[in-house]
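Have a look at the structure below, then the notes.
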Amino acid sequence: MTQAPLDCLCQALTSEFRRDPAGAGAAALLAEYARTQQDWRDYVRWSDERYTRNLVHRTREYELLLLCWQPEQASPIHDHAGQSCWMAVLEGDMEEVHYRAPGAPQAAEACLDEGRSCTYGPSQVAFIDDRIALHLIQPKSGPGVTLHLYAKPIDECRVFEPSTGQVTGVELGYHSVRGEACQTAPAEVRATFAAD
Ligand code: 2CO
Ligand code: FE2
């Protein structure tokens, strides 16, 4: 039986992280998949509450997720728990805004500096880690679908309120795993600010 393109991508990523734990070839693999394939559509899932996080594949070395963003569904400003994060755009245009705590990177309880913002279109791949910046991701106009690769997997991250630098730890969670809905959908992360 022929393997689905998304499964081929996962196999290629597994080999890549075995070859190079830093994943130097990962961006090219994601870009090629995004440019040529459509089977990610099987994993698309929308929510009116927030952008959805849908697990495609997870190993000890990495996790691959499909994220689905309705208009206005921005992420909070967040870090990536010390891991590497690649984002390949599959559909729509996505804006990324960098932030940095003045003084030390990600210092707690200090107003954040807004850095550069950048828009990525279909097949483009962005990369970030905590040494580069914190970031916020949002669809620029209309909905968006993105493929995210984290190496290693991230179960928790920190979110930052920009005017005070207030930091909240959040569990990330999945809306679906290999296309099967999860019983407990991840919380609306922005609500953690309202509750404080
Ligand atoms: N890191 C966010 C998440 O996994 C998405 S923004 O792109 O890294 O929910
Ligand atoms: Fe992110």
Over the stretch 1-37, the set of residues without any contact (Cβ under 8 Å) to a residue 12 or more places away in the chain and of a type in the set (S, T, N, Q) is 2, 3, 11, 15
Residues of the stretch 17-37 being under 15 Å from residue 147 (Cβ atoms) and in contact with a helix residue (DSSP H, G or I) (Cβ under 8 Å, 6 or more places away or on another chain), in sequence order, are 23, 26, 29, 30, 33, 36, 37
Checked the stretch 81-94 for anything within 10 Å of ligand 1 (Cβ to nearest atom) and surrounded by 19 or more Cβ atoms within 10 Å (Cβ to Cβ); matches are 85, 86, 87, 94
By residue number, the members of the stretch 120-172 that are surrounded by 18 or more Cβ atoms within 10 Å (Cβ to Cβ), closer than 27 Å to residue 40 by Cα, small (Gly, Ala, Ser) and more than 10 Å from ligand 1 (Cβ to nearest atom) are 144, 151
Practice item. Looking only at the stretch 40-51, decide whether some residue is assigned to a loop (DSSP other than H, G, I, E, B), farther than 22 Å from residue 29 by Cβ and near ligand 1 (Cβ under 10 Å from one of its atoms). Key: yes
Taking the stretch 124-151 and keeping residues touching a strand residue (DSSP E or B) at 6+ places or on another chain (Cβ under 6 Å) and acidic (Asp, Glu) leaves 129
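Read-outs throughout are calculated quantities, based only on the coordinates presented, and are distinct from any laboratory measurement. These numbers come from a predicted model, not from an experiment. Virtual Cβ from ideal backbone geometry, glycine too; neighbours counted across all protein chains shown.
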